[in-house]
Amino acid sequence: MSAVVGPPTLDTYWRELVTAALLGTDRRPPPAPPPGPVADLVADAVRSDDAARMLAAVAAVAAARRAAFVAGPPAVPVQLPEPDDRPWCPPAAVATWRQVVAAWPLLEDEWLLTVARSGLRVPPDLLVELLQRHRNDAVRRARVVLAGGATAHLLIDHLASLAAPARRTTAATASAELPELPVSPGLANLLTADAHTFVRRLAQGFDAGEFGPPHRAVLVNLLARCRPEVLPDAASMLDRVARSSSPEHALATGLAAGLGDLARLRHRALTELQPPGGGPPAAPTG
């Protein structure tokens, strides 16, 4: 006793149409539509050949399948962030941030604080990246929110991937000040020195063979926290040492080259973030 086979369902008929379309009507005639509205529509189309009739069937089934979709519940509209009149960081500053985090990440804290103190804000695409980068660092995350403003709060509220793993609080002063970087007592006075004093003291140290690879960390910290106006002259002096062939500089040329890059990068980062009205941004405290 053979089983009774009923007419094909709309989904089955659609799969058969797809197979016929892939093989071509010359190799496989289009299947007969199941009884009902689709068959009536194809018959009413009065197409003269198999290919034309199949196109009519495809159009009818596609319309029927699309009509079967039911709209879901209305989505909650996304609220716009609070108004923020601060201009975006210039694209050059965003490019410099990428260089900072790749080459000298200890400069990032100053970059973030300078954005806020210059009356600028981080553009949304970079803001998402920053929130992800500092998701587990409460202090740096607070700096990102400060630089992002209302847009940062909106993104955190709507994107679970940007929320901190747990509610963490941090003192406002901790996120508003630069972290201290250790500098040896013999160089600590240079943190507030003018350009002439700063460059002369470092030049004397390099010329006397006082500085070498073991002093790298201290000198990096010094250049990361010294007064910004000394950086151009310091970079020029360090370039001179890096190009020198004198025996006194033999062990310091590579060190000086790296420090020169640091000085130029920090100077460029701060210059690009000058307030829209001109003048240097407020110096971050540390």
| note | Along the range 231-242, Karplus-curve 3J(HN,Hα) (6.51, -1.76, 1.60; θ = phi - 60°) to the nearest Hz, with x for Gly and Pro, reads 5, x, 5, 5, 5, 5, 5, 5, 5, 4, 5, 5
| Karplus (6.51, -1.76, 1.60) ³J(HN,Hα), θ = phi - 60°, over the range 253-264, in Hz, Gly and Pro reported as x | 5, x, 4, 5, 4, x, 5, x, 4, 4, 4, 5
| said: I'd like to compare 197-208, 227-238: which one has the highest average count of other Cβ atoms within 10 Å, and what's the full order after that? | reply: 227-238, 197-208
| task | Report which label in (1) 140; (2) 122; (3) 314 holds the value of volume of the Cα convex hull per residue in Å³ derived from the coordinates of this structure. | result | (3)
| message | Only sites in a loop by DSSP and with at most 10 other Cβ atoms within 10 Å count here; which GluC sites (Glu not before Pro) in the range 129-223 make the cut? | response | Glu180
| query | Dividing the convex hull volume of the Cα atoms of the range 114-255 by its residue count, what figure in Å³ per residue is obtained? | reply | 147 Å³
| said: Accessible area per residue for the range 72-158 in Å², computed with a 1.4 Å probe and the full protein assembly in place, what is it? | reply: 49 Å²
| remark: In terms of the charge dipole of the chain, which places +1 on Lys and Arg and -1 on Asp and Glu at the beta carbon, the residue among Pro31, Ala176, Asn221 farthest towards the positive end is Asn221
| query | Given a Förster distance of 30 angstrom, what is the FRET efficiency for Trp88 paired with Asn136, based on the Cβ-Cβ distance and rounded to 0.05? | reply | 0.70
| query | Counting only protein chains, not ligands or nucleic acids, how are Arg86, Arg15, Arg240 ordered by accessible area (probe 1.4 Å), most first? | reply | Arg15, Arg240, Arg86
| message | Quick check on the chain: helices-only [θ] at 222 nm, where DSSP H runs of length 4 and up contribute -39,500 (n - 2.57) each and the sum goes over total residues. Nearest 500, please. | response | -17000 deg cm²/dmol
| said: Modelling each spin label as a point 7 Å along the Cα-to-Cβ direction, I'd like the Ala52/Ser245 distance in nm, to one decimal. | reply: 8.9 nm
| If you place +1 on the Cβ of every Lys and Arg, -1 on the Cβ of every Asp and Glu, and leave all else neutral, what size is the dipole of the chain about its Cα centre, to the nearest 20 Debye? | 280 debye
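How much length, in nm to one decimal, is gained on full extension between Val18 and Ala95, taken as 0.36 nm per residue of separation minus their Cα-Cα distance?
On the way: separation 77, 0.36 × 77 = 27.72 nm, distance 4.95 nm.
Working it through step by step, the gained length comes to 22.8 nm.
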| PRE reach from Val76 (point 7 Å along Cα→Cβ): which of the range 135-153 fall under 17 Å by backbone N? | 153
| Degrees between helix 50-67 axis and first principal axis of the chain (Cα, 0 to 90, nearest 10) | 60 degrees
| field | Alpha-carbon centroid distance for the pair the range 71-141 / the range 196-223, whole angstrom | value | 34 Å
| task | Would you mind telling me the share, in percent, of accessible area of the range 110-150 contributed by carbon and sulfur at probe 1.4 angstrom? | result | 49 percent
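The values are calculated or read from the model by the stated rules, or taken from the named source; none is laboratory data. A quick note: this is a predicted structure, and the numbers were derived from the prediction, not measured. Note: ideal-geometry Cβ built from the backbone for every residue, glycine included; neighbour counts use all protein chains shown. Surface accessibility is based on the protein's heavy atoms, side chains included, excluding ligands, DNA and RNA. Shrake-Rupley method; radii C 1.70, N 1.55, O 1.52, S 1.80 Å.
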